[in-house]
Structure formats: structure tokens, C-alpha cells
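Single-structure report; data block below.
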Amino acid sequence: MTLKLHNFFRSSTSTRVRAALNVKGLSYDYIPYVLRDGETRTPEYLRRNPQGLVPTLEFEDGSHLTQSVAIIEWLEETHPEPALLPRDADARARVRALAHMIALDLHPLNNLRVLFYLRDEFGAGEAKQRAWFTHWVTLSFDALETVLADSPETGRYCHGDRPTLADLCLYAQVWNNKRFDIPLDRWPTIARIFAALDQLPAFKKAAPPNQPDAA
């Protein structure tokens, strides 16, 4: 099975999927795009992904999957080992809740098209965009830190001692935060988990600076 991953090196959603593919031991062709140049708004790309977003996972027959969490769930169902979701239903719900705090609550407020809209429609310069980004990260990470620090189910990683869907989201978001120079000092549990994940080859290989189009 030949997979093509249409993605952008700095995109946190792309980072999630790259890490998931690496954890599953799946090779893929890396297809880079420059989001600021509108490369995902071309008619050709929009036929793959009508939203004009990354990532898009393409199969040999030309079919596609979009939305990072849906792609990761598909990978989990079709390549169940190593598992990214626990077997126990309660544990799976906890992992999904942690992941959704980032993927559904934080990321939609801070992605590139939101920042562009703030700039183009409301005249928000870099300082105001940074303030917006930092505000929503702080609000979300304060809550995430509390959940992780207070739960006996938190282990070396977000849930126990094996990386899960929640760790894919956390790792990618911390890299996204680095673009805005947001330190982790305020969130020691998150910092500890990120440092542990960054030692894993599957995650390290997925990090934005390690991609062929990194600049």
C-alpha cells in the first residue's frame, strides 16, 4: 500500500498524522505545500480536499481521507498495533477527551486561517495575533495541566506509559506553541510529557524542524 501525505511541515494537524504513521510503522510519500502561498487553494488540491486544508492522506486508487483525527482513527482501525487507543472503554474516552481539548477546543481558534482572518478583516498585527494565540493556549493548557497532574491514570505519557492519540495532539500543539515563543514553565506535567515524547523516534521524526520542507 502506497500512501501519500499532503501536508505542511509546520501544521500541527500534519504533525499529528506524521507521528501516527511513524508509530504504526507505515511509510508514505511526503507531499509538501506552502499554506501562505495558497497552494492548497488550487483547483487540483481542492478536488482532493474541498476545505483546502492539510493534511490529506491519499491512497493508490486516488481516494482520500481528510481531517487529522479521522485519519488517525482510520489508522487505528486498519493497523491496530501498536495501539493509539486503550482497549478499555473508559480509558478510550479519557484519551479522546484529552485529545479533543486540543484538537477540537484549542486548535480551531488558533489555526492559520483564523490568524489570517484576524489580520485581514480586523487589522490585527503580529502582536495582537500573538496575544490571541497565547490567550487560547493558556486557557486550554491550564485546564489540560490540571487534568493530567491530578489523574492517577497519567503516566509517562498522557495516559499510562504508551503514547496515545492524546499524545499525538499534545506533541504537535507544543511545537505549534514554539512558533509564538510560549514556554512550558507554567505547565510542568505537559513539559515532562512533551520531553518524553520528543525522545521517541516516531515523534522526533514527525517534528516540524525535521521535515524536508522545513525552513
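Can you tell me the length gained on complete extension of the stretch ASP161 to VAL147, counting 0.36 nm per residue apart and subtracting the Cα distance?
That works out to 3.4 nm of additional length.
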(message) Relative contact order for the chain: what percent, with Cα pairs under 8 Å and sequence separation of 6 or more?
(response) 27
(request) Pick out, from LEU85, PRO209, TYR30, the residue whose Cα sits farthest towards the positive end of the charge dipole of the chain, with +1 on the Cβ of Lys and Arg and -1 on the Cβ of Asp and Glu. (result) PRO209
(message) Using 0.36 nm times the number of residues separating ARG186 and PHE59, minus their current alpha carbon distance, what extension gain do you get?
(response) 41.6 nm
(request) Could you provide, to the nearest whole Å², the per residue accessible area of the range 133-175 with probe 1.4 Å? (result) 38
(request) For every other residue with a beta carbon closer than 14 angstrom to the beta carbon of ARG192, add +1 if it is Lys or Arg and -1 if Asp or Glu, then tell me the sum. (result) -3
(message) Among 123-136, 86-99, how do they line up by average Cβ neighbours within 10 Å per residue, starting with the highest?
(response) 86-99, 123-136
(request) Would you mind getting me the FRET efficiency between ALA83 and ARG179? Use the beta-carbon distance for r and R0 = 25 Å, nearest 0.05. (result) 0.20
(request) Would you mind telling me the share, in percent, of accessible area of the chain contributed by carbon and sulfur at probe 1.4 angstrom? (result) 54
(request) Would you kindly work out the equivalent ellipsoid of the chain from its C-alpha gyration tensor and give its semi-axes, the square roots of five times the eigenvalues, largest first in whole Å? (result) 26, 24, 14
(message) Quick check: the distance between the Cα centres of the range 1-47 and the range 120-146, to the nearest angstrom?
(response) 25
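The values are calculated or read from the model by the stated rules, or taken from the named source; none is laboratory data. Just so you know, these numbers come straight off a predicted model, no measurement behind them. Methodologically, a virtual Cβ is constructed for each residue, glycine included, from the backbone with ideal geometry; neighbour enumeration extends over all protein chains shown. All accessible areas refer to the heavy atoms of the entire protein, side chains included, with ligands and DNA or RNA removed. Shrake-Rupley method; radii C 1.70, N 1.55, O 1.52, S 1.80 Å.
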